[in-house]
Amino acid sequence: MRKEERYKGVLNWFNENVPVAETELHYDDPYQLLIAVILSAQCTDKRVNMITPALFKDFPTAEVMAASTPEVIFEYIRSVSYPNNKAKHLVGMARMLISDFGGVVPSDIDELQKLPGVGRKTANVIASVVYNKPAMAVDTHVFRVANRIGLTNNSKTPLETEHELVKHIPEKMIPIAHHWLILHGRYTCIARKPKCEECGLKPWCKHFLTTKT
Ligand code: SF4
């Protein structure tokens, strides 16, 4: 199957069957989303959603967070993975937001990556979810699912996957395609044993076509 045909089939299927796909992290504004995404590294969205209400209530703005200390923040986030580092990142991020960005979460991928705790994946999530930019954040699910379906050619790195997906997916679809692939990887095309029998992408999926038929 030609790549164009595969992309077309997969995107059409998602478009028809999953018209709404959004982040599962709870947030009310860009500052809160940035915190939630930093906390979600190597951790489940469910766990992050359990701890953010208290954190957002007591640290409602970057100014308040910037005036705090990692030791104080640690107590709020101790149940997520790597709480020490993340506490330092959150306070550092808030301080830099105030000192360098006037308290506003930037939309530019390079500027976002200057913030402590913000790598390329987090920067792409913010650019895409908050600013609706055609940025594709590649996490473990997107990386695996894209390779399995054959949207990428056994890509070796998240950056390779990102470039390949951005090249083939129409710009206006990129923000939602990011969520389609994540949710598909989280609930259907799961890491250990993909649920191929109940998956609607079978007609275009390289993994299925080469192993199950
Ligand atoms: S058919 Fe199987 S391997 Fe392919 S996308 Fe669906 S669940 Fe994943």
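The values are calculated or read from the model by the stated rules, or taken from the named source; none is laboratory data. Keep in mind that what you see is a predicted model, and the values were worked out from it rather than measured. Please note: Cβ atoms are built from the backbone with ideal geometry, for glycine as well, and neighbour counts cover all protein chains shown. Heavy atoms of the whole protein, side chains included, go into the accessibility calculation; ligands, DNA and RNA do not. Shrake-Rupley method; radii C 1.70, N 1.55, O 1.52, S 1.80 Å.
Computed on segment 1-141, the Cα convex hull volume stands at 115 Å³ per residue.
Just list whichever of 88/156; 133/206; 8/206; 8/172; 86/114 have alpha carbons separated by over 23 Å in the model shown. Check vs 23 Å cut-off fails for 88/156; 133/206. Taking the protein heavy atoms of the chain in the context of the full set of protein chains, the accessible area attributed to carbon and sulfur is 53 percent at 1.4 Å. With distances taken between every two different alpha-carbon atoms, segment 65-130 has a Kirkwood hydrodynamic radius of 12.2 Å. Solvent exposure of the chain amounts to 51 Å² per residue of accessible area, where only protein heavy atoms count and the probe is 1.4 Å. Based on alpha-carbon atoms, the Kirkwood radius and the radius of gyration of segment 21-89 give Rg/Rh equal to 0.92.
Enclosing the Cα atoms of segment 80-213 in their convex hull gives a volume equal to 119 cubic angstrom per residue. Since only 189, 64, 112 are under comparison, the one whose Cα sits farthest along the positive direction of the charge dipole of segment 57-213, derived from C-beta charges on Lys, Arg, Asp and Glu, is 189. Across segment 65-160, the relative contact order, built from alpha-carbon pairs under 8 Å that are at least six residues apart, equals 17 percent. The helix-only estimate of mean residue ellipticity at 222 nm for the chain, built from DSSP H runs of length n ≥ 4 each weighted as -39500 (n - 2.57), is -17500 deg cm²/dmol after division by the residue total.
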